[in-house]
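Undergrad: My structure is below; once you've seen it, I'll send some questions.
The values are calculated or read from the model by the stated rules, or taken from the named source; none is laboratory data. The structure presented is a predicted model; accordingly, all values stated were derived computationally and were not measured. Here the Cβ positions follow ideal geometry from the backbone for every residue, glycine too, while neighbour counts run over all protein chains shown.
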Amino acid sequence: MEEKKWEGTTFGNGLMHRWLIGMLRVIDPRIIYVLAYIFAVTPTLLKPGFRHAYRFFHQRFGYSVFRSLWLAYKNHCMFAQAVIDKFAMYAGRHFDIELEGYDHFLELAGKPEGFVQLSSHVGNYEIAGYSLVAETKPFNALVYSGEKQAIMDNRNRIFSHANIRMIPIKSDMSHLFEINNALAEGETVSIPADRIWGSQKYVSKTFLGHEAHLPMGPFQVVAMRTVDVLAVHVVKTASKCYKIIVTPLPYDKTAKRSQQIDEIADSYVREMERVVRNYPTQWYNYFDFWNQ
């Protein structure tokens, strides 16, 4: 399971990140895209991540060898765009945002109780941090504690004006207490739910036709406090446009906790599969998700 641990770290060092931000203040991001395709994407074609992406299209969707190779390459190009767009935001650039299901978010944001947003490695979720925040309800995002300092500094700089706080995942599991406190205070907590991180406990669910393991922790957090939960995905629809998809995940709050966890996981997997089927080249999963 070691390969499946979630590590949301960004490639490069602080100097490279500052240089890229400076470039994006004066250069069209599309030019940087092309450079990334040549110098960053091409070297990955022989790495394990590319082989996993190829198998994803070939085995899960049944595409031909050549089409699967092309889509795996396109997937890596889309991932490069997502990373560059993140730095473009740090550089002060803005994207057009389309909202789907925003009324579900507003409904929960208007209540005094806290709620959870479950995300996945689809598209560019960080965009949601700039666009899907209630002024009166603090937003807490669970992040990988090993992320580059330059990335954390830029997040802090931008998020400090948006009522957003980051909760780093810690080896002593103390982040769980921060999550619980935030929900108890009626705040929003965002958690990635498609990678195993921290605890190795998992739930088994059928995803795209085969059994896969999902981390139990995010679903346990929801069930322990019986709070409302949304699935939030952010996909790119054009060069300068993103779409935020908000979907409520229903479950029986009166059921036993084990059943609640199972129902939440079921709802989450169904929604993630729907989004991945619609935007297959924007699911950035570069390991053997199905244990095969």
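Undergrad: Output yes when any residue across the stretch 261-281 is assigned to a strand (DSSP E or B), buried (at least 17 other Cβ atoms within 10 Å of the Cβ), among the hydroxyl-bearing types (Ser, Thr, Tyr) and touching a strand residue (DSSP E or B) at 6+ places or on another chain (Cβ under 9 Å), and no when none is.
TA: So far as the stretch 261-281 goes, no, none of its residues is assigned to a strand (DSSP E or B), buried (at least 17 other Cβ atoms within 10 Å of the Cβ), among the hydroxyl-bearing types (Ser, Thr, Tyr) and touching a strand residue (DSSP E or B) at 6+ places or on another chain (Cβ under 9 Å).
Undergrad: Let me confirm something: among Leu35, Leu71, which residue is buried (at least 18 other Cβ atoms within 10 Å of the Cβ) and out of contact with any Asp or Glu (no Cβ under 6 Å at 6 or more places or on another chain)?
TA: None of the other options fit; the residue is Leu71.
Undergrad: Any residue at all in the stretch 163-179 that's modelled with pLDDT of 90 or more and surrounded by 19 or more Cβ atoms within 10 Å (Cβ to Cβ)?
TA: Looking for residues that are modelled with pLDDT of 90 or more and surrounded by 19 or more Cβ atoms within 10 Å (Cβ to Cβ), one finds at least one in the stretch 163-179, hence yes.
Undergrad: Continuing with this model, one more query. Output the qualifying pairs, or none if there are none: Cβ atoms under 6 angstrom, residues six or more apart or on different chains, first residue in the stretch 208-233 and in contact (Cβ under 8 Å) with a residue 24 or more places away in the chain, second residue crowded, with 18+ Cβ neighbours inside 10 Å and among the hydroxyl-bearing types (Ser, Thr, Tyr).
TA: Here the result reads Ala231/Thr247; Ala231/Tyr268; Val232/Ser119, each pair linking the stretch 208-233 to a residue that is crowded, with 18+ Cβ neighbours inside 10 Å and among the hydroxyl-bearing types (Ser, Thr, Tyr).
Undergrad: What number of residues within the stretch 84-101 are within 18 Å of the chain's Cα centre (by Cα) and either among the basic types (Lys, Arg) or surrounded by fewer than 18 Cβ atoms within 10 Å (Cβ to Cβ) (or both)?
TA: Of the residues in that region, 6 qualify.
Undergrad: Of the residues in the stretch 165-186, how many are of a type in the set (Gly, Ala, Ser) and touching a residue at least 40 places away in the same chain (Cβ under 8 Å)?
TA: Here the count works out to 3.
Undergrad: With (1) in contact with a Phe, Trp or Tyr (Cβ under 7 Å, 6 or more places away or on another chain); (2) not assigned by TED's automatic domain parsing to the domain that holds Pro218 as the list, and Asp288 as the residue in question, which single condition is left unmet?
TA: The one condition Asp288 does not meet is (1).
Undergrad: Working carefully through the options Tyr202, Tyr251, find the one that is out of contact with any Lys or Arg (no Cβ under 8 Å at 6 or more places or on another chain), among the hydroxyl-bearing types (Ser, Thr, Tyr) and under 24 Å from Leu132 (Cα atoms).
TA: Tyr251
Undergrad: All but one of (1) hydrophobic (A, V, I, L, M, F, W, C); (2) in contact with a Leu (Cβ under 7 Å, 6 or more places away or on another chain); (3) over 30 Å from Ala88 (Cβ atoms) hold for Val221, so report the exception by its number.
TA: Of (1) hydrophobic (A, V, I, L, M, F, W, C); (2) in contact with a Leu (Cβ under 7 Å, 6 or more places away or on another chain); (3) over 30 Å from Ala88 (Cβ atoms), only one is false for Val221: (2).
Undergrad: Would you be able to say whether some residue in the stretch 246-255 is more than 22 Å from Ile167 (Cα to Cα), among the acidic types (Asp, Glu) and in a strand (DSSP E or B)?
TA: No, the conditions are met nowhere in the stretch 246-255.
Undergrad: Considering every residue within the stretch 103-116, establish whether at least one is assigned by TED's automatic domain parsing to the domain that holds Ala182, over 30 Å from Ile31 (Cβ atoms), small (Gly, Ala, Ser) and part of a helix (DSSP H, G or I).
TA: Looking only at the stretch 103-116, we keep the residues that are assigned by TED's automatic domain parsing to the domain that holds Ala182, and these are 103-116.
Of the ones still in play, those that are also over 30 Å from Ile31 (Cβ atoms) are 103-116.
Now drop any that are not small (Gly, Ala, Ser), which leaves 109-110, 114.
Those still in the list that are part of a helix (DSSP H, G or I) too: 109.
Yes, the stretch 103-116 has at least one match.
Undergrad: Restricting to the stretch 229-243, name every residue that is more than 15 Å from the chain's Cα centre (by Cα) and surrounded by 20 or more Cβ atoms within 10 Å (Cβ to Cβ). Can you show your working first?
TA: Residues of the stretch 229-243 more than 15 Å from the chain's Cα centre (by Cα): 229, 237-241.
Result: Val229, single match.
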